[in-house]
Amino acid sequence: MSTEQSVRLKTAHRLLAAYSSLNVDVILSNLSSDFTHRVLPASLGMPARDKASFAAHAGGITSVFSKFDMNPQMVLEDGKENAVVVYCKMVGEMRPEKGGGEWANECMMVMRMSEDGERVVQ
């Protein structure tokens, strides 16, 4: 069994690591120019974001933290759908002016990739 990761998996892990930088440009560097961000379930009624709207959203979120990590607990690759699904534990430290203290949460992400697997499209 090969231990070499596919391009899709490398891209997914690169994006997860980018969140730790708390740098919006580093996060955006992993996204395609036609990137779309959706929050599920759809019943929440949150509108889809294009890359520019996501950049503004990410800037607001990253400004809250002095430290942040996405810790993948499960990573599944679907070659047929050109996607990677991850379950992550998120841990961080909030900036004192934002309330301070430790923060923890969990998320599921479905990342649909560009045809070459180098960028996240959705």
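The values are calculated or read from the model by the stated rules, or taken from the named source; none is laboratory data. In this text the structure is predicted, and so the values were computed from the model without any measurement. Using ideal geometry, Cβ is built from the backbone for each residue, glycine included, and neighbour counts are taken over all protein chains shown. The protein model used for the area step is the full one, side chains on, heavy atoms only, and it has no ligands, DNA or RNA in it. Shrake-Rupley method; radii C 1.70, N 1.55, O 1.52, S 1.80 Å.
At-a-glance table
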read-out	value
Residues (under 14 Å from the mean Cα position of the chain (by Cα) and either of a type in the set (Gly, Ala, Ser) or not in a strand (DSSP E or B) (or both)) located in the stretch 73-94	ALA83
Residue that is nearest to LEU9 (Cα to Cα) [pool: residues in the stretch 95-118 that are part of a loop (DSSP other than H, G, I, E, B) and open to solvent by 90 Å² or more (accessible area, probe 1.4 Å)]	ASP116
When residues of the stretch 84-94 are limited to those that are farther than 20 Å from THR62 by Cβ and in contact with a Leu (Cβ under 8 Å, 6 or more places away or on another chain), the one surrounded by the most Cβ atoms within 10 Å (Cβ to Cβ)	VAL84
Some residue of the stretch 33-51 being of a type in the set (D, E, K, R), in contact with a helix residue (DSSP H, G or I) (Cβ under 8 Å, 6 or more places away or on another chain), in contact (Cβ under 8 Å) with a residue 12 or more places away in the chain and farther than 25 Å from GLU115 by Cβ	no
Count of the stretch 51-81 residues which are touching a Gly at 6+ places or on another chain (Cβ under 7 Å) and either of a type outside the set (D, E, K, R) or open to solvent by less than 40 Å² (accessible area, probe 1.4 Å) (or both)	2
Options SER33, SER66: the member that is part of a strand (DSSP E or B) and polar (S, T, N, Q)	SER66
Looking only at the stretch 5-30, and only at residues there that are within 22 Å of THR62 (Cα to Cα) and not in a helix (DSSP H, G or I), the one that is least open to solvent (accessible area, probe 1.4 Å)	ASN30
Sole exception among (1) at pLDDT 95 or above; (2) in a loop (DSSP other than H, G, I, E, B) for SER2, by number	(1)
